[in-house]
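To start, the structure itself, in structure tokens.
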Amino acid sequence: MYATETKVKGRKGVAGEEEKMEEERPVSDMEYCSAKDAWEKLRIRIKWTDPPISGDASTCMMSPLTIKLCIECEKPIILRNFSAFVWTSVYHQEAKTTVNKPSDKIVTLSSTRTIVVEDCEQFFKPLQDNPKGIYREIELKYKEDSRKWDETGLTTYEFSTVVFPTSFGEYRLTYNVKYIRPDNVKVMVWANEFQDDCRLLVNDPDPGNEWMKEISFSQMTQNMFLGNYKSILAAEDLGFDAVLNFDPETEMEADSVLSANITRAFQAMEVGTGSAFELPPEKIQDLVKWLWNVYPKYQKILIGDRDGISHAGSAMTSYIFANNPNLTFEEAYRYVSSRRFIYCHKGLKEILMESYPRD
């Protein structure tokens, strides 16, 4: 049925930890806890899933994880009445299929500075990512033209989505489908029996992933950019005159390739890689002050880490939030993530709200 425990290396991961375990558990008027029961009574069942249930699967942090589910029905269904989900606590970002186009809406950064913010519907939607590692549903979208049927009339439909795990560790996941009967009764069907889940192992990032295989950087404000370690090492050739680096391995190499013409700062966050680790509040406050001070002094500033999306992403989100008292955390995060795929660390919202309170 649904999972009840997760384990992340270096952290406790047992049921009852903090508020961690789950958002509101999915409920329905009628619930079937196995494909066998559902087929016998409804003639509908989850035929297969990927990753498989029950079984084992593995992936790497920040590598795309495709999640699929196939529904089998004795008769064709009305798709608008059906929805499919995976239920898991995997720290993740959902794949973004579009990039927001900036509008002319201006948000005041200070009396003399401005940033551009997206004025679009997506900007104000609730975050669909999972930076807290709590159990929640991820909706799987119907795969167009996936409907198939055999000579007996049995019909299948496929649903899928893509997420990027943002923290290593061992997790569990399972699946359910929901539909509304003609009499408006809500029905939920789980893929398998209680705790008969897929065990998913998320490993360290693949050094060949799309964020680390070549120079990659993205503009955030008029003179601030987020980038990966290769952009840090090429900062001088790329025209940067100031660099804030979070990656210790890159820092050692940068000593030999970057000249004294570039102003450099190195900040060790002293926490592991991945969104499951909370950043120290005092470090965040120091970063915001440093970025504020260098903003007017340099033409092109690079904030970078190994992949340009983790510590760097949290740092830029913190800077935008701290200096825009009219923005919510979600709006500051969307501002940054609409320009570069990033993830924020666990507890960042709470730390920023306490450090830079809103009226």
Self-check item: Selected residue (only one of Leu79, Leu65, Leu69 is more than 22 Å from Phe194 (Cα to Cα) and surrounded by 15 or more Cβ atoms within 10 Å (Cβ to Cβ))
Solution: Leu65
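One line per residue, one yes/no per condition, for (1) acidic (Asp, Glu); (2) under 23 Å from Met212 (Cα atoms):
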{"site": "Pro280", "(1), (2)": "no, no"}
{"site": "Lys289", "(1), (2)": "no, no"}
{"site": "Met316", "(1), (2)": "no, yes"}
{"site": "Asn326", "(1), (2)": "no, no"}
{"site": "Glu331", "(1), (2)": "yes, no"}
{"site": "Arg339", "(1), (2)": "no, yes"}
{"site": "His345", "(1), (2)": "no, yes"}
{"site": "Lys349", "(1), (2)": "no, no"}
Quiz item: Could you list, in sequence order, the residues of segment 251-291 that are touching a residue at least 60 places away in the same chain (Cβ under 8 Å) and among the acidic types (Asp, Glu)?
Solution: Glu278
Self-check item: For Ile67: the one exception among (1) farther than 27 Å from Gly308 by Cα; (2) modelled with pLDDT of 90 or more
Solution: (1)
Exercise. Please verify whether segment 95-116 includes one or more residues that are open to solvent by less than 10 Å² (accessible area, probe 1.4 Å), modelled with pLDDT of 60 or more, closer than 29 Å to Gly347 by Cβ and touching a strand residue (DSSP E or B) at 6+ places or on another chain (Cβ under 7 Å).
Key: no
Quiz item: Where residues in segment 223-233 are touching a residue at least 60 places away in the same chain (Cβ under 8 Å) and either of a type in the set (D, E, K, R) or not in a strand (DSSP E or B) (or both), which of them is surrounded by the fewest Cβ atoms within 10 Å (Cβ to Cβ)?
Solution: Asn223
Practice problem: Test Lys41 against the stated conditions and say whether it is open to solvent by 30 Å² or more (accessible area, probe 1.4 Å) and modelled with pLDDT of 90 or more. | Solution: yes
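Okay, residues lined up against (1) over 30 Å from Ala95 (Cβ atoms); (2) surrounded by fewer than 16 Cβ atoms within 10 Å (Cβ to Cβ); (3) aliphatic (A, V, I, L, M):
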site: Glu253; (1), (2), (3): yes, yes, no
site: Gly274; (1), (2), (3): no, no, no
site: Lys297; (1), (2), (3): yes, yes, no
site: Ile303; (1), (2), (3): no, no, yes
site: Glu330; (1), (2), (3): no, yes, no
site: Ser337; (1), (2), (3): no, no, no
site: Ile351; (1), (2), (3): no, no, yes
Exercise. Would you check if Glu282 is more than 20 Å from the chain's Cα centre (by Cα) and open to solvent by 20 Å² or more (accessible area, probe 1.4 Å)?
Key: yes
Quiz prompt | Single match in Gly313, Gly308, Gly272 (criterion: within 24 Å of the chain's Cα centre (by Cα) and at positive phi) | solution = Gly308
Self-check item: Selection count, segment 234-247, where residues are touching a residue at least 60 places away in the same chain (Cβ under 8 Å) and within 11 Å of Ile262 (Cα to Cα)
Solution: 7
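The values are calculated or read from the model by the stated rules, or taken from the named source; none is laboratory data. Quantities reported herein were computed from a predicted structural model and do not represent experimental measurements. Neighbour counts run over all protein chains shown; Cβ positions are idealised from the backbone, glycine included. Quick note on the areas: whole protein, heavy atoms, side chains included, nothing else; ligands and nucleic acids left out. Shrake-Rupley method; radii C 1.70, N 1.55, O 1.52, S 1.80 Å.
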